[in-house]
1. Determine Rg/Rh for the range 221-294; Rg is computed over alpha-carbon atoms and Rh is the Kirkwood hydrodynamic estimate from the same atoms.
2. Between Thr174, Thr103, Thr39, find the one with the highest GNM mean-square fluctuation for the chain; connect C-alpha pairs within less than 10 Å.
3. Could you give the semi-axes, largest first, of the ellipsoid that matches the range 157-241, computed as the square roots of 5 times the alpha carbon gyration tensor eigenvalues and rounded to whole Å?
4. For the range 98-229, what proportion of DSSP beta bridges, expressed in % and rounded to the nearest 5, is antiparallel?
5. Can you check what the net charge comes to around Leu74, using other residues whose Cβ is under 12 Å from the Cβ of Leu74 (Lys, Arg +1; Asp, Glu -1)?
6. Using only Cα atoms, figure out Rg for the range 97-154 and give it as a multiple of 2.2 N^0.38 Å.
7. Give the Rg/Rh ratio for the range 1-127, taking Rg as the radius of gyration of the Cα atoms and Rh as the Kirkwood radius, to two decimals.
8. Taking Lys131 as the anchor, which lysines have their alpha carbon closer than 20 Å to its alpha carbon, excluding any fewer than eight residues away along the same chain?
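Since every read-out is calculated from the coordinates, none of them should be taken as a lab result. From a predicted model like this one, the values you see are computed outputs, not experimental measurements. Here the Cβ positions follow ideal geometry from the backbone for every residue, glycine too, while neighbour counts run over all protein chains shown.
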Amino acid sequence: MNIGIDMMGGDFAPLEAVKGIQIYLSNAQHNLYCIGDATQLKELFQHHGIASPFLHLVDAPEVIGYHEHPTKALKEKPNSSIAIGFRYLAEGKIDAFLSAGNTGAMLVGAMFSIKPIKGVLRPTIATLLPKLNGNTGILVDVGLNTDCKPEQLNQFAILGNLYAKHILNINAPTVGLLNVGEEEGKGNLLAQATYPLLKENTHIEFIGNVEGRDVFNDKADVIVCDGFTGNIVLKEAEGFFNLVKARGIEDDYFNLFNFENYGGTPILGVKGNVVIGHGSSNETAVLNMILHAHQVAENKLSVKITKAFK
């Protein structure tokens with residue numbers, strides 16, 4: 001398997017990416033295509049004593065910054081690490097591409113380089129939810145689609161359901177709609193219009209509305225919402241984790257909120273394996289992002305999603 005990684009994406013790139021790769025290469029089983037400024041990367045790999053037959057450098061002299069317009073940047077910087085990464089993915093040179101860089105550029109690249117799966121209205125991203133009972137669920141969408149239609153949320157439920165089945169190994173995931181009350185008919189116009197679609201969806205096991213207090217319990221394996229709401233929930237969870245650490249509290253459950261443990265999340269609904277990491281990714285997050293990309297590619301998640309939408 002060949003995994004491509006954007007070495008220039010992230011607040012601490014390329015150093016933390018190099019350090020994460022160093023850990024990975026200590027027990028490597030797959031090829032890593034490290035895409036970025038070859039001069040910088042060669043110096044860093046040499047400085048850290050990193051050499052491996054699994055390591056391949058791909059020169060990308062241009063970088064897309066966080067504040068650049070995604071479409072414009074990809075057009076004007078064809079030799080950027082993100083643009084080259086998607087080109088390699090589209091050409092089949094790599095089996096998965098991952099980056100902690102400009103999220104908008106990653107979405108645009110996925111949409112125009114490898115294309116959405118036929119039948120998918122809008123690709124989406126999810127985040128893992130550590131449950132109090134020790135299980136793991138997902139929340140979808142968490143920021144890719146801030147304004148949504150009911151039909152899109154209905155598809156997010158299917159995409160989340162497939163992720164839970166094939167990546168989290170949950171045989172029959174339950175799906176809930178995030179709302180301000182449990183009763184049918186609650187919520188804003190979007191929630192009210194989405195509920196009957198989920199209720200009639202034969203591809204999922206819909207259990208009704210779930211409230212904010214249910215996000216981390218076992219009421220639903222997959223929780224669906226628009227990206228605006230989901231991103232607020234995600235950032236609140238990150239903020240709570242930071243608060244717990246700042247107060248010196250050590251707790252095994254709260255430690256599960258550390259994004260470093262998960263690395264990244266795949267874009268669900270595109271014809272390829274694309275994983276987006278946290279902008280503040282350190283070496284541990286980079287390592288786990290690579291491992292998660294392996295898992296997604298090995299389980300052929302995009303292929304299984306494609307079959308489900310035929």
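1. Numbers: Rg = 13.8 Å, Rh = 13.8 Å.
Here Rg/Rh amounts to 1.00.
2. Largest GNM mean-square fluctuation: Thr39.
3. 19, 18, 11
4. Numbers: 5 of 16 bridges.
Within the range 98-229, antiparallel bridges account for around 30 percent of the total.
5. Neighbour charge sum, excluding Leu74 itself: +1.
6. In units of the 2.2 N^0.38 Å rule of thumb, it is 1.32.
7. Values: Rg = 14.6 Å, Rh = 15.0 Å.
For the range 1-127, the value is 0.97.
8. Reachable lysines: Lys165, Lys219, Lys235, Lys245.
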